[in-house]
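Derivation of every value follows stated rules applied to the coordinates shown; laboratory data play no part. Keep in mind it's a predicted model, so treat the numbers as computed, not measured. All Cβ positions, glycine included, derive from the backbone under ideal geometry; neighbour counts span all protein chains shown.
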């Protein structure tokens, strides 16, 4: 089983739609969780951290479910500019704290 | 500089040649990662350096690949006897352990003819 698994998509959604991505992780001791965004032919960049209590940043909401070992990202009122690949990121525990990236979910917002 | 830098930005080489890719992480970042990304594919983990610990080399695809990190700063990824399937973008990233903000460099686009 991969350490971090995501549905690769692509998710093709119309402008204004709400779309949700899920990501599962295998290490129950994982400590920190993030979503990154990667635009075509660009490097990944941090989108938002994910907290147990859930957190929101504008149209984006991230949730963490430790019991089921998954994190989610909800995008409301999708914009064309949201088209990108969204990467789930999990950080290990202890002093090593290696960061592991999922392979990403591709989102295409259609006019 | 303020970000992670990589050089060269583009590298075209002939099959069988050796190449060296360089990464300058953000000053003070103790963790450094190398990833590979083929066109349209996800990130493929290659190697992870953390401070003075032994590097995690579990992602290196073959013994043609090696990496060093000198003085806890600059890292060099070396690919010996390059093959066409090595063609990809090689991304370097650095961070402080476990904290948000693993910062990526712009990558080196390697093309093996």
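Derived value for the stretch A:63-111: Kirkwood hydrodynamic radius 12.9 Å. Basis is the mean of 1/r over every pair of different alpha-carbon atoms.
Per the Debye formula with a single identical scatterer at each Cα and no solvent contribution, what log10 I(q)/I(0) holds for chain A at q = 0.10, 0.11, 0.17 Å⁻¹? Log10 I(q)/I(0), no solvent term: -0.27, -0.32, -0.76.
For the stretch A:1-63, the alpha-carbon radius of gyration amounts to 1.24 times the rule-of-thumb value 2.2 N^0.38 Å expected for a compact globular protein. Every pair of different Cα atoms in the protein assembly as shown enters the Kirkwood calculation, which places the hydrodynamic radius at 18.1 Å. Spatially, the stretch A:36-51 and the stretch B:1-42 are offset by 18 Å when compared through their Cα centroids. Sorted ascending by nearby beta carbons within 10 Å, beginning with the fewest, A:83, B:27, B:94, A:26 become B:27, A:26, A:83, B:94. At q = 0.14, 0.15, 0.18 Å⁻¹ the log10 of I(q)/I(0) for chain B amounts to -0.51, -0.59, -0.84, computed by Debye summation with a single uniform scatterer per C-alpha, solvent ignored. On a C-alpha basis, how far is the centre of the stretch A:54-82 from the centre of the stretch A:2-23 in Å? Whole number, if you could? Centre-to-centre distance over Cα atoms comes out at 10 Å.
The order of B:108, B:13, going from fewest to most other C-beta atoms within 10 Å of their C-beta, is B:13, B:108. Where both bridge residues fall in the protein assembly as shown, DSSP classifies roughly 90% of the beta bridges as antiparallel. Of B:31, B:93, B:54, the residue with the greatest mean-square motion in the GNM of chain B, using alpha carbon springs below 10 Å, is B:54. So which residue, out of A:47, A:73, A:64, gets the largest mean-square fluctuation from a GNM of chain A using Cα contacts under 10 Å as springs? Ranking A:47, A:73, A:64 by mean-square fluctuation puts A:47 first.
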